[in-house]
Amino acid sequence: MVLGVWEYGDYGVCPSQSCCLLLIWALWGMLYAGVLGAGPAGPSEKPEAYFNGSSYIRLARPISLKQLVGLSFRTCVGGELFSQRYEGYKLHVTALSEQVVVSWAWPGQSQGEVGLGKETLDNRWHWVALRYRPNPPSLLLEVDHDTQVISNVTWNPELLSPGALEAGGAVVLVGNVFSGCIHEGPQLEFHAAYAQLANVVMGHCPLTTDECKDRKDVLRIPPKDHCYNEPCMRHGTCISRHDRYECHCSARYTGNNCEVDAGDPCASAPCEHGGRCVEDSRGDYTCDCTPHYHGAYCELEVSLDPLCVAGPCRNNGSCSVPPGADTYVCACPPGFTGRSCEADVDECAGAAAGACLNGGRCQDAVNNFTCDCTNTGYTGARCEMNVNECKEDRSICGHGVCYDTYGSFVCACQPGYTGERCHTMSACASGPCGAGGACVEESGGSGFRCVCARGWAPPLCATPTPAASPAPAPPPPPPAQPQAQPMPLQHYPASCAEVACPPRSHCSHNGMPNMVTGVVISKQVVCLCDVGYYGAPGLSPNCTTLENACEAGVCQNGATCTLATDHFNCTCAPGYKGVYCELNAGKALADPKPQERCATQPCLHAKACVDLISGGFRCECEAGWSGARCDSAVGGEPCGGRACLNGGTCRDTEPPVCDCRPGYGGQYCDQLLDCRASSCPLHQECVEQGGAWRCAAAGAESACASSPCHNGTCLALDNGLFRCQCPPGNDGE
């Protein structure tokens, strides 16, 4: 593109002045991007500006959605905060009533839009940003402390690979069609050399701190302070009126501006009854009264009435008894009230909510109040002044650049680092993998690799692979025995390298077993939801939070979803089974089964259920109960005069019957039937073959290969995990 500019110059002159300006602006943008594109540019000398609805700032550097981009704003009206466009590509971030919206449009695609519900048109400072998360790839809208995912590999993925939107000639505007104040942030800096201003007033925000009364009167400039230059010469108190000032002079001075020294204010002996006059530094005086007198001029005599002799007035209150009265009256000093001046006046309550600003905590004092500004990001008598954390601690952002915000700060990290303070090394932080891949860190964050989804070409998963010819059909499987049907091997990939799991899920190397006539011949992989998220296992599980589970449709095949406070339940349609009703009720053991979580309420008599990071759950049993699901009475449960052994439970029938744990049998569960009840040798697992359970050598990819069970038998589960079958007298995971 630079060559194109120079070739254009071969004509000697530009066809028009506007064309020349456009060429200069484009070249300027490319040079700026080349100089500053390696990392954050840092704050400018004038980071704040006022926009009147017809103002804007055009920046020379296109923003990148793979790096933090954001700003602070304050408004009663709102409007577009920032935007970027290039030819048919457009991205807008707008502050509207009760929400902040991100909208975008790509050529040939319908417009996308995602909003975060939050009222920001309240004449207070708010922070808005687009924050990229590399692992798994996602783009978040951030408003103050709230976030909303607006893009991931399965939802609005075009924002993860914006392409031409970030071209060198892209137009970046800040504050276009916006009324209010904006404070710069990462990638939206107001450096004078690289910002084109249009009707913008740079400097401190001129809005008052009043509440928004309408959505029109935005620029409410404070009235002029006629006392700003101290016209009363510090010899009195200056009061600023609408069009003038007034001086209330101290006792020593007089004149319109308190400019005339009238001499010693004590010369006129203003203190009565022998009181001593004392002049202070401002030229005022106080009277030090003799015993039995009080008041500003010692003009009041302390009552000698018997009702006052006992000193009923507290906190230096003055006692008197009116003529003919049979009770005393207390004159309270400032800050106290009550019949005996016993109550401290709460100045915080009198000042209402406006006593301390920006979240400061009001603390009552005698005839006064103070503001505790701890952890607010502000300082000053009323917490009215913003603290610039970036200047107070130059190293606060580690391997990054600090940007001050009102009440806080943000760190824009240098390439290769991530984290709130940019202290964590991360090769994935810059988003090196394309839209079709997930970035996986290696070597402690110093390296990475891209795991490409099907249809995307390695190594960076940025371009689709050419359409491949269909693979030959696999040979038909051998005839199945009645107890197990064969599962086609092509249903699931054999390695995690062949699959890119969507956000909030991970690949399980020990996923779905393929079985032929009951014999495990290979282990396949699936994507399982991370701890705290729910969805049926598969190649593309829709993993969501508990509160959104029913709305997201985790229950499949026409099932009915019921959401409770701490779990959900899928009521399956006829012919289906499983936690998510994802299984055909007629299929054999080879079908995939979901990994159980606490949301399915697997524990029967437990104080708590804990989801394990490695998968599965752990039940913390109530007293008197044991077993993996807290379903076994300690010492056996009486059943027809005799206890059910080996963790068996008694079924209340006539006569009572013991329900035995897998692997046990007999009337009282006292017989060991197979390897599920008796331990297998080291490095062996208990598997079902031909309808029976027996010990067999654990495969290299088996969950039982490392002999994880102590004093028990390792059972290889269909979902690639394992379960320890403990003998009587042992418990645990």
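The values are calculated or read from the model by the stated rules, or taken from the named source; none is laboratory data. What you see is a predicted model; the values in this text were computed from it and never measured. Note that each Cβ is placed from the backbone with ideal geometry, even for glycine, and that neighbours are counted across all protein chains shown. Calculation scope for accessible area: heavy atoms of the full protein, side chains included, ligands and nucleic acids excluded. Shrake-Rupley method; radii C 1.70, N 1.55, O 1.52, S 1.80 Å.
Quick notes on this one:
- Within the range 385-409, if we keep just the residues that are in contact (Cβ under 8 Å) with a residue 60 or more places away in the chain and either among the hydroxyl-bearing types (Ser, Thr, Tyr) or outside any strand (DSSP E or B) (or both), the residue that is surrounded by the fewest Cβ atoms within 10 Å (Cβ to Cβ) turns out to be 408.
- Check on residue 516, modelled with pLDDT under 80, open to solvent by 20 Å² or more (accessible area, probe 1.4 Å) and closer than 21 Å to residue 617 by Cα: no
- Residues satisfying the stated conditions in the range 172-189, i.e. closer than 17 Å to residue 60 by Cβ and either open to solvent by 60 Å² or more (accessible area, probe 1.4 Å) or of a type outside the set (Asp, Glu) (or both): 172, 173, 174, 175, 176, 185, 186, 187, 188
- Taken together, 278, 329, 309, 321 contain a single residue that is touching a residue at least 12 places away in the same chain (Cβ under 8 Å) and open to solvent by 50 Å² or more (accessible area, probe 1.4 Å), which is 278.
- Selection of first residues in the range 258-270 that are touching a residue at least 60 places away in the same chain (Cβ under 8 Å) and of second residues that are open to solvent by 70 Å² or more (accessible area, probe 1.4 Å) and of a type in the set (Val, Ile, Thr), restricted to Cβ pairs under 8 Å at least 6 apart or on distinct chains, gives an empty result.
- Residue check, residue 417 closer than 19 Å to residue 184 by Cβ and either open to solvent by 40 Å² or more (accessible area, probe 1.4 Å) or touching a residue at least 60 places away in the same chain (Cβ under 8 Å) (or both): no
- For residue 375, the conditions (1) at pLDDT 85 or above; (2) farther than 30 Å from residue 419 by Cβ; (3) open to solvent by 80 Å² or more (accessible area, probe 1.4 Å); (4) part of a loop (DSSP other than H, G, I, E, B) are fulfilled apart from (2).
- Per the conditions (1) closer than 24 Å to residue 237 by Cβ; (2) at pLDDT 90 or above; (3) open to solvent by 70 Å² or more (accessible area, probe 1.4 Å), the sole criterion not satisfied by residue 339 is (1).
- Count of the range 137-160 residues, restricted to those that are surrounded by 21 or more Cβ atoms within 10 Å (Cβ to Cβ) and not in a strand (DSSP E or B), is 3.
- Filter result for residue 192 (open to solvent by 20 Å² or more (accessible area, probe 1.4 Å) and modelled with pLDDT under 90): no
- In the range 80-101, the count of residues that are more than 22 Å from residue 155 (Cα to Cα), in a strand (DSSP E or B), of a type outside the set (A, V, I, L, M) and touching a Cys at 6+ places or on another chain (Cβ under 9 Å) is zero.
- When residues in the range 208-225 are screened for being touching a Cys at 6+ places or on another chain (Cβ under 6 Å) and at pLDDT 75 or above, 1 of them pass.
- Odd one out for residue 179 among (1) in contact (Cβ under 8 Å) with a residue 24 or more places away in the chain; (2) of a type in the set (Gly, Ala, Ser); (3) not in a strand (DSSP E or B): (3)
- In the range 187-197, the count of residues that are touching a strand residue (DSSP E or B) at 6+ places or on another chain (Cβ under 6 Å), assigned to a strand (DSSP E or B), closer than 25 Å to residue 384 by Cα and among the hydrophobic types (A, V, I, L, M, F, W, C) is zero.
- Selection count where residues are under 52 Å from the mean Cα position of the chain (by Cα) and not in a loop (DSSP other than H, G, I, E, B), scope the range 318-360: 12
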